[in-house]
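Report on one structure; see the data block that follows.
The values are calculated or read from the model by the stated rules, or taken from the named source; none is laboratory data. For clarity, every value in this text was computed on a predicted model and none was experimentally measured. Using ideal geometry, Cβ is built from the backbone for each residue, glycine included, and neighbour counts are taken over all protein chains shown.
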Amino acid sequence: MKRNSIIALALGGLMGVAALAPAEAMPVTNPVVKQSTDVQQARVVIRYGYYRGYRGYRARRPGWRFYGGYWYPPVAFGPVIVAPRRGWAWCGPRWRRHRC
């Protein structure tokens, strides 16, 4: 027990001495910023009527979804999964917890 207290006292003393000295791991300098004169304006093209690469139409279309004033195909909003309905004879024995 005496040995542990001596080690703890020595480590505490080293930390106290280390706190007195200034930390100069990296000197602080003012960065020099060079002004660039060759700045070019970027051209941004906004394509109205397109959503995720799909073209939208202003006229109503059956089966399509309305968003932002345009009608888009359903695949523009995510994957469309159509599962065939096979009935209880196929589903019941495999998935007892779920209703088919």
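Which ones in region 50-71 are loosely packed, with under 14 Cβ neighbours inside 10 Å and not in a strand (DSSP E or B)?
R52, G53, R58, A59, R60, R61, P62, G63, G68, G69
Condition check: within 26 Å of the chain's Cα centre (by Cα) and basic (K, R). Does R52 satisfy that?
Yes: the conditions hold for R52.
Checking the structure you have, find out if any residue of region 79-95 is exposed (fewer than 10 other Cβ atoms within 10 Å of the Cβ), at pLDDT 70 or above and not β-branched (V, I, T).
Taking every residue of region 79-95 in turn, at least one turns out to be exposed (fewer than 10 other Cβ atoms within 10 Å of the Cβ), at pLDDT 70 or above and not β-branched (V, I, T).
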